[in-house]
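Every number in this text was worked out from the coordinates using simple rules, so none of it is lab data. This is a predicted model, so every value here is computed, not measured. Cβ placement follows ideal geometry from the backbone for every residue including glycine, while neighbour counts extend to all protein chains displayed.
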């Protein structure tokens, strides 16, 4: 599977709103935000990302709280258990340093908020230094944002409103408060849980853009051009199968990715097996989906692209209260994990931020204590 979207068909690029022409300095501290509704998989993504970096010998937590978070969360994952979602009212910040082969290390900061907060982006919460901010403030202070969305029906229908309505409200408030026709931020949409048996088969036949449009809840009326109201994007591909331009540029700051924290593998008969399954008293056999060798998710080396840095610090509690109760889903830790696109969205965001820096003020509190 390619790191980025590929196979764009021949179509004239659609016009986009030009971003600020004034060159910006590359930020000394890159701020990346992670957004997702409850159940989107933010906490699992953070911990699996840190595991992959640790296995590569590239992870250095920058504070004790980050190290403790990784330790406590990893203990549960190693036992096949999932962690609790971020607690209501809790604000977390994880900071990692990634050691690169060129000796030019990268320090990144990821902010995590409870999913419930995102259903009402006007609600205020306590940020660092006890400064009261809301979700809109928080996201506008980031240079790049990773939006995580779950395609599982149980997650999509866990709200009274559709993903489209909830996202539209958030994006409208961000655009109004920024006073810009198009937001400066680079954004990556990650469609999570592709290792779930309900999703995998469908994802083989669809671009990530198509899956995104499917889960918005608008049926055949969903249009990718809707995002042009808010972000700098260049749409390519055919009318029926629109895709976003692959590489980030000053005029293309949006991309889609499939993401899987655990991945899938195939047995000797070519059946796809899923490490994540429902937690029942008698462990069921793997669900299987017969398929030929898949060019999108090759089995020999399922895109375990570099993983990135991640660390978080919880300012509202001294102890991490991870899930001790029975999980709805469990993880088979006896099989080989093949994570998909764990690092790719982060790499894409960083590439764009460094090559075409967005016009984001550097004086926010997000820079403090990092």
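Modelled label positions at residue 268 and residue 120, each set 7 Å beyond Cα in the direction of Cβ, lie 5.7 nm from each other. Going from the residue with the fewest nearby Cβ atoms within 10 Å to the one with the most, 26, 98 rank 26, 98.
Each residue in 226, 348 was given a count of other beta-carbon atoms within 10 angstrom of its own, and listing them fewest first yields 226, 348. Here segment 211-272 yields Rg over Rh of 1.11, to two decimals, using C-alpha coordinates and the Kirkwood radius. Subtracting the Cα-Cα distance of residue 202 and residue 54 from 0.36 nm times their residue separation leaves 50.1 nm of extension gain. Ordered by the number of other Cβ atoms lying within 10 Å of each residue's own Cβ, fewest first, 335, 187 fall into the sequence 335, 187. D by Stokes-Einstein for segment 237-277, Kirkwood Rh over Cα pairs, 10 °C, 1.306 mPa s: 116 µm²/s. Translational diffusion of segment 160-224, estimated by Stokes-Einstein from the Kirkwood radius over alpha carbon pairs at 4 °C in a medium of 1.567 mPa s, is 95 µm² per second.
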